[in-house]
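Heads up, the thing below is written out as structure tokens.
Values in this text are rule-based calculations from the coordinates and carry no lab data. From a predicted model like this one, the values you see are computed outputs, not experimental measurements. Methodologically, a virtual Cβ is constructed for each residue, glycine included, from the backbone with ideal geometry; neighbour enumeration extends over all protein chains shown.
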Amino acid sequence: MISVRNVSFRYRGRETFALAEINMEIPDGEFLGIIGPSGAGKSTLICALNGVIPRHYPGDFYGEALVEGYDSVESPGDAARSTGSVFQDIDGQISASVVEDEVLFGLENFGVPRDEIGGRMEEALAAAGISDLRERSVHSLSGGQKQKVIIAAVAALRPRIMLLDEPTGELDPASSRSVFEFLKRLNGEYGVTIVIVEQKIMLLCEFAKRLAMMEKGRLVLDGGVQEVLQKADVLENAGVNIPRVTTLARRLRSGGLYHGELPWNLNAAEKMMRGILSGHTAF
Ligand SMILES: Nc1ncnc2c1ncn2[C@@H]1O[C@H](COP(=O)(O)OP(=O)(O)O)[C@@H](O)[C@H]1O
Ligand SMILES: [Mg+2]
């Protein structure tokens, strides 16, 4: 459980706030997607949740962020213990030269019992779809493969909460989907809370339960995926890419041809089109 209460943060030396009066409750088992244009404060919010801010990046911090009841500013170590973070900068997070050592380091540092280490490592590598990379040198991997190694290493620690900042940035569509499938398993089978910053809105729409949109340090939208997508104008004005079928539906709406909910995937769009073609414009 995460509670963000009136959190504002300004990096030292900056005039504007990177986070401005953020309030949000993230219950256990949530799968929350965070979207918003570049510079909106998404990465800063993630860092406020895992205690990196203000510990490693000084500045003015107001309000409080509680992670499993621990204040991220007063007791950052306790707050961070239940979280696993995957940062935007993948290379900065890799500390080993061989894939299996990367996972091993984390497990050993975390004090996981010796007899559990092997099983956990295999499970995490298999779930991330990289069992075959186990003995490879990290430096020989592609960006996408490195991202999977980091995600596997974090997941192996079985954190209660996973915070991921654009973890599919370097991945092709198929690998991005497999990362989301992996997160879905962690969320569904192990009840891990997922908070993920992601540009690929179609994937978020499919996998997340809830969407939050940030703009200029503020939380502008926060709700169920379907509910947030109905605010397509707010998303588009902020420069967030919305699914093309949603844009099509908006145009049909403004032309008076459609009055229903905005679809965000092909199935819903097909339903919309069938309705329009059969002459039921007001459903
Ligand atoms: N280490 C830093 N020092 C000073 N300003 C920063 C730092 N990191 C980010 N910022 C500023 O904070 C704002 C929010 O940045 P960020 O959280 O990275 O946004 P996003 O992840 O949504 O792109 C931006 O104006 C950015 O320039
Ligand atoms: Mg960012």
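How long is the gain from Leu257 to Leu277 if the chain were fully straight, where each residue apart is worth 0.36 nm and the alpha carbon distance is subtracted?
So the chain would gain 6.2 nm between Leu257 and Leu277.
Where does the charge balance sit around Leu141 when Lys and Arg score +1, Asp and Glu -1, over other residues with C-beta under 15 Å from its C-beta?
-4
Given points 7 Å out from each Cα along the Cα-Cβ axis, report the Asn241 to Glu206 separation in nanometres with one decimal.
Simple spin-label model gives 1.4 nm for this pair.
Starting from the 7 Å offset along Cα-to-Cβ, what nm value, one decimal, do you get for the label separation of Asn109 and Ser131?
2.7 nm
Pairs of Cα atoms under 8 Å, at least six residues apart: use those to get the relative contact order of the stretch 162-283, whole percent.
17 percent
I want to make sure I understand the PRE zone here: with the label point 7 angstrom from the Cα of Ile117 toward its beta carbon, which residues in the stretch 72-97 have backbone N atoms less than 18 Å away?
The answer is 95-97, whose backbone nitrogens lie closer than 18 Å to the label point.
Just to be sure I understand: with springs between alpha-carbon atoms less than 10 Å apart, which residue in Ala232, Ala268, Ala127 has the highest mean-square fluctuation in the Gaussian network model of the chain?
So, out of Ala232, Ala268, Ala127, the one fluctuating most is Ala268.
What are the lysines whose alpha-carbon lies under 24 Å from the alpha-carbon of Lys42, with same-chain residues fewer than 8 places away excluded?
Within the straight-line cut-off, Lys42 pairs with Lys146, Lys148, Lys184, Lys200, Lys209, Lys216, Lys231.
Semi-axes, largest first, in whole Å: what does sqrt of 5 times each Cα gyration tensor eigenvalue give for the stretch 243-283?
Details: eigenvalues 42, 28, 10 Å².
Sorted largest first and rounded, they come to 14, 12, 7 Å.
Mean-square fluctuation check for the chain, GNM, Cα pairs under 10 Å: which of Ser82, Ser175, Ser137 is largest?
Ser137
Tell me, how many Å apart are the Cα centres for the stretch 182-216 and for the stretch 79-140?
Cα centroid of the stretch 182-216 versus Cα centroid of the stretch 79-140: 21 Å apart.
For the stretch 2-233, what is the relative contact order in percent, using Cα pairs closer than 8 Å and at least 6 residues apart in sequence?
Values: 445 pairs, mean separation 63.7, N = 232.
The normalised contact order for the stretch 2-233 reaches 27 percent.
May I ask you to derive the FRET efficiency for Tyr62 and Asp233 from their Cβ-Cβ distance with R0 = 30 Å, giving the value to the nearest 0.05? If you can, show how the numbers build up before the last one.
Numbers: r = 31 Å, r/R0 = 1.03.
With R0 = 30 Å, the Cβ-Cβ based efficiency is 0.45.
Please work out whether the chain counts as rounded, prolate or oblate from its C-alpha gyration tensor, where a ≥ b ≥ c are the square roots of the eigenvalues and a/c under 1.5 means rounded, while otherwise a/b larger than b/c means prolate and anything else oblate?
Judged from the Cα gyration tensor, the chain comes out oblate (a/c at least 1.5, b/c at or above a/b).
What does the charge count around Lys42 come to, taking other residues whose C-beta lies under 9 Å from its C-beta (Lys +1, Arg +1, Asp -1, Glu -1)?
-2
Within the set of other residues whose C-beta is less than 15 Å from the C-beta of Ser75, count the net charge using Lys and Arg as +1 and Asp and Glu as -1.
-3
Please state the Cα pair-distance histogram of the stretch 129-257 with 10 angstrom bins from zero: what percent is in each bin?
Taking all Cα pairs of the stretch 129-257, the binned fractions are 11, 37, 31, 15, 5, 1 percent.
What does a probe at Asp89 reach in the stretch 36-65, counting residues whose amide N is under 13 Å from the point 7 Å along Cα→Cβ?
From the stretch 36-65, the list is 56-57.
Give me, ordered by chain and number, the residues 5 or more places off Glu198 or on other chains with an amide H under 5 Å from its own placed amide H.
Excluding prolines and chain starts, which carry no amide H, the hits are Ile34, Glu166.
GNM, the chain, Cα, under 10 Å: largest mean-square fluctuation among Phe182, Phe31, Phe105?
For the chain, modelled as a Gaussian network with Cα springs under 10 Å, the answer is Phe105.
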